[in-house]
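The values are calculated or read from the model by the stated rules, or taken from the named source; none is laboratory data. No experiment lies behind these values; they were computed from the predicted model shown. Here Cβ is always computed from backbone atoms with ideal geometry, including for glycine, and neighbour counts include all displayed protein chains.
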Amino acid sequence: MAELKIALVILNWNGKTLLEQFLPSVVAHSKEADVYVADNASTDASIEFVKSTFPSVKIIQNTVNDGYAKGYNDALKHIEADVFCLLNNDVEVTKNWLIPIIDNFKNNPNTAIIQPKLLDYKNRDYFEYAGAAGGFIDKYGYPYCRGRIFNTIEKDNGQYNDIADIFWASGACFFVKSSVFRDLNGFDETFFAHMEEIDLCWRAKNLGYSVTYIGESTVYHVGGATLSNTNPKKTFLNFRNSLFTLTKNAKGNLFSIVFIRLLLDGIAGIKFLFELKPKHTFAVLKAHFEFYVQLNNLLKQRQLTNYKATYYQKISIVFNYFIKKDIKFKS
């Protein structure tokens, strides 16, 4: 079987400090791939650092910072490979991490997207929030992971050292066949950042492709290095983009699903108020306003969707977690 050509692409914006810290492990342990830094118009010395320290790393310079979605869409147009690995600039990789992933792509032609095990760089025995051991989604579009539900994060005791069919893969370390990425016209650029990987996975599943988690491959992710969880902009993007994803892709009675989702979001907004986080409450309201503004466009996109994928969970993860107190994936 012919060798797979892997392009490992790190999107960067003013991340010189992170590149200094994490690029050495990527270069050292990724001999099976060509390594690129796709720079989103950084104003620090990121490019100069890469050129002088890692001359083998190829550089693609985007002219503006249009976020994760458009940043990758623009950069990947310049790269020829069988598989793209989209890697955050705050990820440490491990020895031989690429081999089980390459083997899985070779042996499973229907697999379009893969995620390795994501552990917490700062707390290395625990899974990392952004993807843990693979992503799932509930009836109302709330994402969660094997190993992480809302803010409850499991310790890695080898319970997810498997290969598993998942619903979405984390954008922190996201392998995708280039042919599938292009067939889907890449990420939805209206998202800017956050949840665009879930939208892409859902669209791939609607075409009948598989999304896979490989527990034999491990990376360590810092998380929140570009936009912290305490930043209201992150709250806004997560709530807005989740509604966008749900409206475009959900199978079933959209009105009832979205209506309940909006009510649950409202409860979350009230909870932020009680936690003395009024800026986050405003972020939820702003997310809903933008959702209404974009609704007509989202419904047009929905009409083009081929619905093959159903939810992994037809329950509400909000109800199970907060009311039933099911705080771990196995329950």
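Listed values, structure above:
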{"item": "Pick from the stretch 25-49, criterion farther than 21 Å from GLU80 by Cα and among the β-branched types (Val, Ile, Thr), ranking: surrounded by the fewest Cβ atoms within 10 Å (Cβ to Cβ)", "result": "THR43"}
{"item": "Leading residue by the ranking (surrounded by the most Cβ atoms within 10 Å (Cβ to Cβ)) among those in the stretch 59-69 that are touching a strand residue (DSSP E or B) at 6+ places or on another chain (Cβ under 9 Å) and within 27 Å of LEU119 (Cα to Cα)", "result": "TYR68"}
{"item": "Candidate set: the stretch 137-168, residues that are modelled with pLDDT of 95 or more and either touching a Pro at 6+ places or on another chain (Cβ under 9 Å) or polar (S, T, N, Q) (or both); chosen: the one nearest to ASP103 (Cα to Cα)", "result": "ILE163"}
{"item": "Qualifying positions in the stretch 122-134 - out of contact with any Phe, Trp or Tyr (no Cβ under 9 Å at 6 or more places or on another chain) and in a strand (DSSP E or B)", "result": "TYR126"}
{"item": "Test for LYS177: is it modelled with pLDDT under 95 and surrounded by fewer than 23 Cβ atoms within 10 Å (Cβ to Cβ)", "result": "no"}
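Table: residues versus (1) more than 17 Å from LEU86 (Cα to Cα); (2) buried (at least 21 other Cβ atoms within 10 Å of the Cβ); (3) free of Cβ contacts under 8 Å to residues at least 12 places away in the same chain.
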position: ARG124; (1), (2), (3): yes, no, no
position: PHE127; (1), (2), (3): yes, yes, no
position: THR152; (1), (2), (3): yes, no, no
position: ARG182; (1), (2), (3): no, no, yes
position: HIS194; (1), (2), (3): no, yes, no
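Each row is one residue, and each column tells you yes or no for (1) at pLDDT 90 or above; (2) in contact with a His (Cβ under 6 Å, 6 or more places away or on another chain); (3) not aliphatic (A, V, I, L, M).
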| site | (1), (2), (3) |
| --- | --- |
| TYR292 | yes, no, yes |
| ASN296 | yes, no, yes |
| THR305 | no, no, yes |
| ALA309 | no, no, no |
| LYS314 | no, no, yes |
